[in-house]
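Enquirer: Here it is, the structure in full.
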Amino acid sequence: MNNFNEYPETENSEQQENKYTSSDKKGILLVVVLAIVVVVFIFKLLGSSDRHTDVNADLSTTAPTTVTTAVPTTPVPTQPTVPTTSAVQSTVPVQTTSAVNTTAPTTTIKYELTKADILAKVNEGINSLKADTASFTAHKKQVISIDLLDCSVPALTGAINMVIDFFEGEKTADYDITNGKGADADGEEIVVNHEIPPTDKPFSLTEQGVAEAKAEQTGEGTLYTIKVVPETSTLENPRPPHHNAACDTLDFSTFDLPVGELTKVDFEYPGATVSVLVDSSGKIIRYRERLEMKGAGEGGAFGITGSGVMEGYVDEVWDIQWK
């Protein structure tokens, strides 16, 4: 691509304008628009604190787990002893049949945790971490993955992928939280409510927003997992209500490009997965969120437009030790 500095200083601006071809202008504008769209996309995923990660264990979202509870045993009374008489032997043995046992066998009652039960556990666990009275240490592992699926100017794909490569990948962080505030390993001050999605507000997903729910016993405690119903968003309506109640969604409506403007942003959220692991004392000891999305953006300046399609996910795990 030509550079303004390559032109002789003796040429006036009109001559420079003529040498700076329309295809060069289009390329520059598309680089600006698409690169900014990608960068904004990435920063929106990262939020205020470079969040999100992948872990080895997969979170399945199948039907609720059946829980089995043992019923306490109740002894069956024996028949009374028959008094002795002179006409019969001194004692009469208790007559039993094969149908009568001295103790009742252990039985079980099976029941299913409802969607509301599981959602309540997830809600309680996450908001206990976000509370201004929370005091714990935590190790966070996170990953961001973004793929550029389509670009209106294929020649720019490599440059945009370089921007993506700069931001995506795996990161870890350690926090020491007291009464909702603390610092990371670098000494940077944090407010835990700003770190755990949804940022700056309570987790408030309702039962209508839950597509699937599951509870299962593990060696560490009970794992409660929910999956949010699929939703979409647009530039004009950027906050799908259910994902917005559980996660940090993307909002480009208030973003101003330094050159041109965004004219279209459409996102698909196939359904975020959120889980909490609760130990035997009722404390949350692990939190995980995986948010997947696919978006198409379009922007332009001076009558020239550029567009791109991206998909990606953010995956974040917090391992908690309460003080």
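Enquirer: Taking only the stretch 194-221 into account, find how many residues are of a type in the set (S, T, N, Q) and at pLDDT 95 or above. Explain how you work it out, then say what you get.
Expert: Initial filter on the stretch 194-221 (of a type in the set (S, T, N, Q)): 199, 204, 206, 208, 217-218.
From what's left, at pLDDT 95 or above: 204, 206, 208.
Selection size over the stretch 194-221: 3.
Enquirer: Then there's this: Can you tell me which of GLU311, GLU292, GLU298 is part of a strand (DSSP E or B), surrounded by fewer than 21 Cβ atoms within 10 Å (Cβ to Cβ), of a type outside the set (S, T, N, Q) and in contact (Cβ under 8 Å) with a residue 40 or more places away in the chain? Don't jump to the end; show me each part of the working.
Expert: Numbers: GLU292 fails: in contact (Cβ under 8 Å) with a residue 40 or more places away in the chain; GLU298 fails: in contact (Cβ under 8 Å) with a residue 40 or more places away in the chain.
So the residue among GLU311, GLU292, GLU298 that is part of a strand (DSSP E or B), surrounded by fewer than 21 Cβ atoms within 10 Å (Cβ to Cβ), of a type outside the set (S, T, N, Q) and in contact (Cβ under 8 Å) with a residue 40 or more places away in the chain is GLU311.
Enquirer: Here is a further query. Answer yes or no as to whether ILE144 is of a type outside the set (Lys, Arg), modelled with pLDDT of 95 or more and closer than 16 Å to ARG290 by Cα. Talk me through it step by step, then tell me what you get.
Expert: On the way: of a type outside the set (Lys, Arg): yes; modelled with pLDDT of 95 or more: no; closer than 16 Å to ARG290 by Cα: yes.
No; evaluated as a whole, the condition is false for this residue.
Enquirer: Another one. Answer yes or no as to whether ALA213 is assigned to a strand (DSSP E or B), in contact with a strand residue (DSSP E or B) (Cβ under 6 Å, 6 or more places away or on another chain), surrounded by fewer than 16 Cβ atoms within 10 Å (Cβ to Cβ) and of a type in the set (Gly, Ala, Ser).
Expert: Values: assigned to a strand (DSSP E or B): yes; in contact with a strand residue (DSSP E or B) (Cβ under 6 Å, 6 or more places away or on another chain): yes; surrounded by fewer than 16 Cβ atoms within 10 Å (Cβ to Cβ): no; of a type in the set (Gly, Ala, Ser): yes.
Criteria not met by ALA213.
Enquirer: Read through the list (1) within 19 Å of the chain's Cα centre (by Cα); (2) on the phi < 0 side of the Ramachandran plot, then give the number of the only condition that GLY169 fails.
Expert: Failed condition: (2).
Enquirer: For the stretch 221-287, which strands (runs of 3 or more DSSP E) that fit wholly inside it have 3 or more residues that are surrounded by fewer than 20 Cβ atoms within 10 Å (Cβ to Cβ)? Reasoning before the result, please.
Expert: On the way: elements: 222-228, 231-233, 261-269, 273-278.
Output list reads 261-269.
Enquirer: For ASP176, only one of the following conditions fails: (1) surrounded by fewer than 16 Cβ atoms within 10 Å (Cβ to Cβ); (2) closer than 29 Å to GLY299 by Cβ. What is its number?
Expert: (2)
Enquirer: Can you name the condition, by its number, that GLY260 falls short on among (1) over 13 Å from the mean Cα position of the chain (by Cα); (2) on the phi < 0 side of the Ramachandran plot; (3) not acidic (Asp, Glu)?
Expert: For GLY260, the exception is condition (2).
Enquirer: Pairs please, first residue from the stretch 200-229 and among the small types (Gly, Ala, Ser), second anywhere and exposed (fewer than 12 other Cβ atoms within 10 Å of the Cβ), Cβ atoms under 7 Å, 6+ apart in sequence or on different chains.
Expert: From the stretch 200-229, the pairs are GLY221/SER280.
Enquirer: Quickly run through the stretch 113-150 and pick out the residues that are more than 30 Å from ILE164 (Cβ to Cβ), β-branched (Val, Ile, Thr) and buried (at least 18 other Cβ atoms within 10 Å of the Cβ).
Expert: Matches in the stretch 113-150: ILE118, VAL122.
Enquirer: Out of (1) in a helix (DSSP H, G or I); (2) farther than 23 Å from SER145 by Cβ; (3) without any contact (Cβ under 8 Å) to a residue 40 or more places away in the chain, the odd one out for ASN193 is which?
Expert: Here ASN193 meets the rest and fails (3).
The values are calculated or read from the model by the stated rules, or taken from the named source; none is laboratory data. This structure is a prediction, so every number in the text was calculated from the model and none was measured. Don't worry about glycine lacking a Cβ; one is built from the backbone with ideal geometry, like all the others, and counts go over all protein chains shown.
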